[in-house]
Amino acid sequence: MSSWSRQRPKRTLFLLLLLAASAWGVTLSPKDCQVFRSDHGSSISCQPPAEIPGYLPADTVHLAVEFFNLTHLPANLLQGASKLQELHLSSNGLESLSPEFLRPVPQLRVLDLTRNALTGLPPGLFQASATLDTLVLKENQLEVLEVSWLHGLKALGHLDLSGNRLRKLPPGLLANFTLLRTLDLGENQLETLPPDLLRGPLQLERLHLEGNKLQVLGKDLLLPQPDLRYLFLNGNKLARVAAGAFQGLRQLDMLDLSNNSLASVPEGLWASLGQPNWDMRDGFDISGNPWICDQNLSDLYRWLQAQKDKMFSQNDTRCAGPEAVKGQTLLAVAKSQ
């Protein structure tokens, strides 16, 4: 008999006592999880040195099992918790998940798997997860993604894949995610993106691509996203941005192009940004690039003059050449034109 099975009656008794003694939240001993009761159901939070419960109340809506040294989860962890809406499993050592793991919780809306050791997901994991809105796989060990891993996610609005080891993405990855509002691919090793990456999402508001190895931003990647408000491209190796790359962005509030390899940008790139009907109200950052401040930046100079009040890191946005203006700020050069 496993240690888990031997201790299950004890854990069950502790949890039942905890529920009986708790109006809002009570911890009976350091080995007990915290249980919070409300009209909406029970919320349970377990961190070491607490012991993971072998039983969950039927009205459990929120469960956090975090900071344990778990390479695998108990197979019956979610049994009987059919009303569960949020599951937080961050900062464990999870290496894999069972394909059946989420089937007992069809009402799940949030799944947080931050800081684990996952290298993949089993196909079929989300077959019973039609209501899942938020999936966080941040800081795992994913090197590849398979389209089949995400099948079944019909309501996904927030997908966080940041801090992994992704070098490329498969075509059609997001084809069925028409409700996606936030996509975070930051801090990976992406060198290119599939041209159809954003053809599926129709309501994207935030796109995080910072901290990758992207060298080129093509003209078509962002075209299907008229509602995009926050775009983070900082910390890449961008040396070229196509002239029409931003032409479909009519509601952009924030643009971060800092710390790339941009020496110049094509004329017309900024035409649709910062217009009177939508003023990029949260600002922009183009600092930390090796700008060559010659006549090829004339269009950028005019745009900066009109938008300078929204410009971050003005003192760090400087010319790398030619020699006559090397070290001067772009704003200073723009004013002298």
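Annotations
- Estimated from helical segments only, the mean residue ellipticity of the chain at 222 nm is -3500 deg cm²/dmol, where each DSSP H run of four or more residues counts as -39500 (n - 2.57).
- Where both bridge residues fall in the chain, DSSP classifies roughly 20% of the beta bridges as antiparallel.
- P(r), alpha carbons of segment 105-258 - 5 Å bins starting at zero, rounded %: 2, 10, 18, 24, 22, 13, 7, 3, 1, 0
- Take every Cα pair under 8 Å whose residues are at least 6 apart in sequence, average their separation, divide by the length of segment 122-166, and the relative contact order is 53 percent.
- Length gained on full extension, PHE312 to LYS154: 53.1 nm, using 0.36 nm per residue less the C-alpha separation.
- Coarse-grained scattering of segment 106-179 at q = 0.24 Å⁻¹, given as base-10 log I(q)/I(0) from a Debye sum over alpha-carbon atoms: -1.26
- When only alpha carbons of segment 220-285 are considered, Rg and Dmax amount to 11.3, 32 Å.
- Based on Cα contacts under 8 Å between residues 6+ apart, the chain shows a relative contact order of 7 percent.
- Local electrostatic count at GLN215 - Lys and Arg +1, Asp and Glu -1, tallied over other residues with Cβ under 14 Å: +4
- Cα coordinate range in segment 31-92, projected on the principal axes (Å, largest first): 32, 21, 18
- The chain: angle of helix 298-307 to the longest principal axis, Cα-based, in degrees nearest 10: 60
- Cα-based helix-to-principal-axis angle, 3-21 vs the chain, degrees rounded to 10: 90
- When the inverse distances between all different Cα atoms of segment 232-337 are averaged and flipped, the Kirkwood radius reads 13.7 angstrom.
- Between the labelled values (1) 0.97; (2) 1.09; (3) 1.03, the entry that holds Rg/Rh (Cα atoms, Kirkwood Rh) as derived from this structure is (2).
- Evaluated over the chain, the count of Lys pairs having alpha-carbon atoms less than 14 Å apart is 4 (only pairs 8 or more residues apart or interchain).
Bear in mind that the values in this text are calculations on the coordinates, not laboratory data. These numbers come from a predicted model, not from an experiment. All Cβ positions, even for glycine, are placed from backbone atoms using ideal geometry, and neighbour counts span all protein chains on display.
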